[in-house]
Amino acid sequence: MKKFFKIFFISIGVLLLLLIVLPFFFVGTIENKIKTEINNQLNAKVGWDKISLSLIRDFPNVSVGLEKLFVVGVNQFENDTLAAMDNFSVSINLKSVFSDNIQVNSIIVERPLVNAIVAADSTVNWDIMKPSTETEEPEDTTASSSFMANLQQLKITDGRVYYTDHTSQLVTGLEGLMVDMSGDLSASTTDLSIQTSIQNVFLTMEKSQYLNKLYVGASMKLASNLDSMTFRFVDGNIDLNKLSLGIDGSFAMLQEGYDMDLKLFARQTDFKTLLGLVPADMLKDFEAIKTSGKIALEATAKGTYVDEEHLPAFNLLMSVQDASFQYPDLPESIQNIQIVTKVNNPGGSADNTVVDVEKFHFEMAGNPFDASLNLKTPISNATFVGQANGTINLTSLKNAIPLDSMTVSGIVKANIQLGGDMKLIESENYEEIKADGSVVLSQFVYTASELPLPVYIDDATMNFSPRYLELANFTSRLGETDFTLNGRLENYLAYALKDGTLKGVLAHSSKNINVDQLMSLAGEDTTVAVADTTAMEVVAVPKNIDFVLNSRIGKLNYDKLIINNTAGKIIVRDGRVLLEGLNMNLLGGSMLLNGQYNTQDEKKPFVDFLIDAKQIDINLAANSFSVIDSLFPMAKLAKGNVSTKFTYNSLLGNDMMPVLSSVNGLGMLKSGGVEVSGSKVQSGLVSMLKDEKYNTLSLSNLLVNFKLENGNLFVQPFTTNIWGKNTSIEGRQGLDKTMEYKMTMPFSRQEVSKYAGMAGLSLSNSGADVPVTIAIKGTVTKPVLSLNANEAKEEIKEEIKQEVKKEVEKAVDKLKDDPAVKKTVDDAKNKLKNLFK
């Protein structure tokens, strides 16, 4: 017996040792098989932190785990993760490891991520399967993969699935995905048990949110025949927030398509369950809301689905009867809610679908509102008939729905009838289209905690006709700013229903616009957004908008700038904002502005302007516009009026600021007189020339031609009067503040002698002034000045010779007997020699 126990414990110990050691012998084999399978199938970057193997965890099966698995795209998607997961583990039949067919018993996935992207050029990031280089033989199709399914369990925890389509501006996703499926997939018949929940379903299209924080749960059993691939729902249940739906019926997977006979129905009839579909953050204190009324919800699908031209017959019925809801702390309720909606398709094409909202009715504060819509042939030629009629008292809205920090008041009256089809709209056969009625908004006031000022719309009337919407009047106020608009919007039906171009001509007038006050409405959030340049992006102008805005603004305040009597055209068209003949009075003068902001290529937006300004106060201009300060840095220290006419164009970066290296332009600047004091260049002149008069620079009869090229300002040679002397100036200045100028002006002969380092010589003042060139380099804040002494010496060469000769003769006559005479003569000769060597 003692020997038996000894052998038993030794055997157990050996077995445990084998269970611990064996995985390390097989890890290479299994990892190589996985890598081989991936490399044979995928064109992507696939990796993981660690692979683990265990025989103890699921004996007699081998447990294989991959930690931090990721799949990253290539080429244009090289920075996008297609799929990832914290842990991916499978339980594999141990014997199958040594065969060509690996049998997988269970799969567990922890925190998976799927991120599907459709790029703007319609390329998709999930197209990563390598093209097959071999022709598959029919008899080999069952062995196309080295893995053979023997799945008993599939478990997913905390999954995330995202889909972004840049072509349609659609973003949708699932968050908090949990899946637990069990059953014997190796058997011919089996019962599959499925438990699924999704904590958040969201959907955004064209920056409008249609779904958010929708909870979805599903619990069901599928009686499955895996030979015929038919499945029957047994006690199926689907939850959408508080709405519980039952599902019955069956479906089968065919060689091409699916055959189905399904029924979906609401398990409860209480209206509150339907109200629960509203996201929780939009429906406060849901449990405390008082409701009444009944709902009916039923949908069926019977037939075969292959594609949108081969659909099963399906229908949907949703009705709400005699419903109401009221918040417990508010006096008003939304009453008499009546809804009947039907969707039907007898089968076949999706174009056979009919959507019929027969009734949509509610009452608030005694004011009824009714609407209906019927839509047929949505694919080939969408045919529609609809109407909306009623009054909504926004003032009583706060008595029925909690608005938190927001208040709203005013009256909305609507009476609209629409009828027609897409072919009539596309052919502009407006006589056959019905579009009548109006929407009137009066005495509207909106306040919110995020807006420091209330928004007022005193009166707004929109009249409908088949050809256009008429904005008969619109008057609004926001703080110190007022707006009045009227005009027409054409092609609105094609714009709303089939991406047509919305056209319009509007007249705008404002007595006052305070831009500073409007910009401050965004508060602290705007400051954060601007500071974070990584979050900024180019403001794209829609290509399907064609607006002409004839604008007149009495007074406009922007920063320290006051603009009066602005008038002209602002056109939004084909991805551009065009300014045509925009006149304004500002900075003591006037300006005419023409040009465009162009985003037709959103990756390379640019501006192109023609500016014609007259009698502008140069100091005010430099302190108001950064571009003037960049082009003419001394302007902030100048006094006087200037006129200029120039073209300006440049690319814009993601921060909407000019790309300096792309700045180009051409123009002229003129002035009767400008005075500049205290610039760094003038300080340099005073230091170099030892004369305080250069602290003040007066220029008269100024006419400067310049050009902008690759971020540099090139000043063409021009002559102006400085300190009563005709002076020539030319040079270059970069928008990076570097400069390189040449200034040539006349100096007296004594000044030239002093500047050239020839003190001690007494030159005649009766001779003509000598032109001398001063080079100005460095930067605006740190200029470097130098005088061309050789040029000055050459101009007075003969006079210097005569003066030196006189000095020598005088010294000889006076000191010819003095031993030091030789030295004096030699010094004079050397001075002359060194001067002209």
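The values are calculated or read from the model by the stated rules, or taken from the named source; none is laboratory data. None of these values were measured; they are calculated from a predicted model. We place every Cβ from the backbone using ideal geometry, glycine too, and count neighbours over all the protein chains shown.
Which of the residues belonging to region 486-503 are charged (D, E, K, R) and closer than 20 Å to Ala460 by Cα? Show your work before the answer.
Of the residues in region 486-503, the ones charged (D, E, K, R) are 488, 490, 498-499, 503.
Of everything in region 486-503, those that are charged (D, E, K, R) and closer than 20 Å to Ala460 by Cα turn out to be Arg488, Glu490, Lys503.
Check whether at least one residue in region 318-325 is crowded, with 16+ Cβ neighbours inside 10 Å, among the small types (Gly, Ala, Ser) and touching a residue at least 60 places away in the same chain (Cβ under 8 Å), and report yes or no. No, because not a single residue in region 318-325 is crowded, with 16+ Cβ neighbours inside 10 Å, among the small types (Gly, Ala, Ser) and touching a residue at least 60 places away in the same chain (Cβ under 8 Å).
Can you name the number of the only condition in (1) crowded, with 19+ Cβ neighbours inside 10 Å; (2) among the hydrophobic types (A, V, I, L, M, F, W, C); (3) within 30 Å of Asn550 (Cα to Cα) that Val607 fails? If we test Val607 against (1) crowded, with 19+ Cβ neighbours inside 10 Å; (2) among the hydrophobic types (A, V, I, L, M, F, W, C); (3) within 30 Å of Asn550 (Cα to Cα), just (1) comes out false.
Can you say whether Lys413 is within 24 Å of Pro454 (Cβ to Cβ) and of a type in the set (D, E, K, R), as far as the supplied structure shows? If you could, list the steps in order and put the result at the bottom.
Values: within 24 Å of Pro454 (Cβ to Cβ): yes; of a type in the set (D, E, K, R): yes.
Considered against the rule, which asks whether it is within 24 Å of Pro454 (Cβ to Cβ) and of a type in the set (D, E, K, R), Lys413 comes out as yes.
In region 641-652, the count of residues that are touching a Gly at 6+ places or on another chain (Cβ under 7 Å) and among the charged types (D, E, K, R) is one or more.
Every residue, every condition in (1) in contact with a strand residue (DSSP E or B) (Cβ under 6 Å, 6 or more places away or on another chain); (2) of a type in the set (A, V, I, L, M, F, W, C); (3) modelled with pLDDT of 90 or more, yes or no:
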site	(1), (2), (3)
Ser677	yes, no, no
Leu702	yes, yes, no
Asn705	yes, no, yes
Pro717	yes, no, yes
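When the criteria are applied in full, Asn654 fails the requirement of being in contact (Cβ under 8 Å) with a residue 12 or more places away in the chain and either surrounded by 15 or more Cβ atoms within 10 Å (Cβ to Cβ) or closer than 19 Å to Arg732 by Cβ (or both).
For every residue, the table says whether it meets (1) closer than 26 Å to Val320 by Cα; (2) modelled with pLDDT under 90.
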{"residue": "Ile247", "(1), (2)": "yes, no"}
{"residue": "Ser250", "(1), (2)": "no, no"}
{"residue": "Met253", "(1), (2)": "no, no"}
{"residue": "Asp259", "(1), (2)": "no, no"}
{"residue": "Phe265", "(1), (2)": "yes, no"}
{"residue": "Gln268", "(1), (2)": "yes, yes"}
{"residue": "Gly276", "(1), (2)": "yes, yes"}
{"residue": "Lys284", "(1), (2)": "yes, yes"}
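Taken over region 220-261, the criterion of being within 40 Å of the chain's Cα centre (by Cα), part of a strand (DSSP E or B) and of a type in the set (S, T, N, Q) is satisfied by Ser244 alone.
So which residues in region 401-432 are among the small types (Gly, Ala, Ser) and not in a loop (DSSP other than H, G, I, E, B), if there are any at all? Give the derivation first.
Just the residues of region 401-432 that are among the small types (Gly, Ala, Ser), to begin with: 405, 409-410, 414, 419-420, 427.
Scanning region 401-432 gives Ser409, Gly410, Ala414, Gly419, Gly420.
Out of Leu243, Leu226, Leu264, I need the residue that is in the same structural domain as Ile289 (by TED's automatic domain parsing) and of a type in the set (A, V, I, L, M). Which one? Working first, answer last.
On the way: Leu243 fails: in the same structural domain as Ile289 (by TED's automatic domain parsing); Leu226 fails: in the same structural domain as Ile289 (by TED's automatic domain parsing).
Just a single option satisfies the conditions, and that option is Leu264.
The residues of region 271-301 that are among the polar types (S, T, N, Q) and not in a helix (DSSP H, G or I), listed by number, are Thr291, Ser292, Thr300.
For region 449-481, which positions are of a type outside the set (Gly, Ala, Ser) and outside any strand (DSSP E or B)? Talk me through it step by step, then tell me what you get.
Taking region 449-481 first, the residues of a type outside the set (Gly, Ala, Ser) are 450-459, 461-464, 466-471, 473-475, 477-478, 480-481.
Across region 449-481, the qualifying residues are Glu450, Pro466, Arg467, Glu480.
Going residue by residue through region 403-417, is there one that turns out to be at pLDDT below 90, of a type in the set (Asp, Glu) and over 34 Å from the mean Cα position of the chain (by Cα)? First the steps, then the outcome.
Quick first cut of region 403-417, residues at pLDDT below 90 only: 403-407.
If we keep only those that are of a type in the set (Asp, Glu) too, we end up with 404.
Among the residues that remain, those that are also over 34 Å from the mean Cα position of the chain (by Cα) are: none.
Taking every residue of region 403-417 in turn, none turns out to be at pLDDT below 90, of a type in the set (Asp, Glu) and over 34 Å from the mean Cα position of the chain (by Cα).
Which one is farthest from Glu256 (Cα to Cα) among residues in region 302-314 that are part of a strand (DSSP E or B), of a type in the set (A, V, I, L, M, F, W, C) and within 41 Å of the chain's Cα centre (by Cα)? Looking at the filtered set, the residue picked out is Phe314. Return the only residue of Asn374, Asn336, Asn344 being more than 30 Å from Ala313 (Cα to Cα), of a type in the set (S, T, N, Q) and either in a strand (DSSP E or B) or out of contact with any strand residue (DSSP E or B) (no Cβ under 9 Å at 6 or more places or on another chain) (or both). Of Asn374, Asn336, Asn344, the one residue that is more than 30 Å from Ala313 (Cα to Cα), of a type in the set (S, T, N, Q) and either in a strand (DSSP E or B) or out of contact with any strand residue (DSSP E or B) (no Cβ under 9 Å at 6 or more places or on another chain) (or both) is Asn336. In this structure, is Gly479 modelled with pLDDT of 75 or more and touching a helix residue (DSSP H, G or I) at 6+ places or on another chain (Cβ under 7 Å)? Against the criterion (modelled with pLDDT of 75 or more and touching a helix residue (DSSP H, G or I) at 6+ places or on another chain (Cβ under 7 Å)), Gly479 qualifies.
Can you find even one residue in region 192-212 that is surrounded by 17 or more Cβ atoms within 10 Å (Cβ to Cβ), of a type outside the set (Phe, Trp, Tyr) and in contact (Cβ under 8 Å) with a residue 60 or more places away in the chain? For region 192-212, residues surrounded by 17 or more Cβ atoms within 10 Å (Cβ to Cβ), of a type outside the set (Phe, Trp, Tyr) and in contact (Cβ under 8 Å) with a residue 60 or more places away in the chain: absent.
Every residue, every condition in (1) among the charged types (D, E, K, R); (2) out of contact with any Asp or Glu (no Cβ under 7 Å at 6 or more places or on another chain); (3) in a loop (DSSP other than H, G, I, E, B); (4) buried (at least 18 other Cβ atoms within 10 Å of the Cβ), yes or no:
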| residue | (1), (2), (3), (4) |
| --- | --- |
| Gly684 | no, yes, no, yes |
| Phe706 | no, yes, no, yes |
| Gln716 | no, no, no, no |
| Thr720 | no, yes, no, yes |
| Ser728 | no, yes, no, no |
| Gln733 | no, yes, no, yes |
| Met739 | no, yes, no, yes |
| Thr744 | no, yes, no, no |
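Scanning region 462-499 for residues that are farther than 23 Å from Lys511 by Cα and basic (Lys, Arg) returns Arg467, Lys498. For region 589-608, the count of residues that are hydroxyl-bearing (Ser, Thr, Tyr) and over 28 Å from Leu708 (Cα atoms) is zero. Here is a check on your reading of the model: is Ala365 under 20 Å from Ala414 (Cβ atoms), of a type in the set (Gly, Ala, Ser) and out of contact with any Lys or Arg (no Cβ under 9 Å at 6 or more places or on another chain)? Considered against the rule, which asks whether it is under 20 Å from Ala414 (Cβ atoms), of a type in the set (Gly, Ala, Ser) and out of contact with any Lys or Arg (no Cβ under 9 Å at 6 or more places or on another chain), Ala365 comes out as yes.
State all residues of region 351-369 that are exposed (fewer than 15 other Cβ atoms within 10 Å of the Cβ) and either modelled with pLDDT under 95 or of a type outside the set (Asp, Glu) (or both); if no residue qualifies, say none.
Initial filter on region 351-369 (exposed (fewer than 15 other Cβ atoms within 10 Å of the Cβ)): 358-359, 366, 368.
The answer is Lys359, Gly366, Pro368.
Would you check if Val445 is in a strand (DSSP E or B), free of Cβ contacts under 8 Å to residues at least 24 places away in the same chain and among the hydrophobic types (A, V, I, L, M, F, W, C)? No: the conditions fail for Val445. Here is the figure for region 377-400: residues that are part of a loop (DSSP other than H, G, I, E, B) and not assigned by TED's automatic domain parsing to the domain that holds Val278 total 1. Restricting region 404-435 to residues that are touching a Ser or Thr at 6+ places or on another chain (Cβ under 7 Å) and not hydrophobic (A, V, I, L, M, F, W, C), the residue that is surrounded by the fewest Cβ atoms within 10 Å (Cβ to Cβ) is Ser405.
Answer with yes or no whether Phe360 is in the same structural domain as Ile334 (by TED's automatic domain parsing) and among the aromatic types (Phe, Trp, Tyr). In short, yes.
Here is a list: Ser146, Ser132. Which entry is modelled with pLDDT under 90 and in contact with a Lys or Arg (Cβ under 9 Å, 6 or more places away or on another chain)?
Checking each option against the conditions leaves just Ser146.
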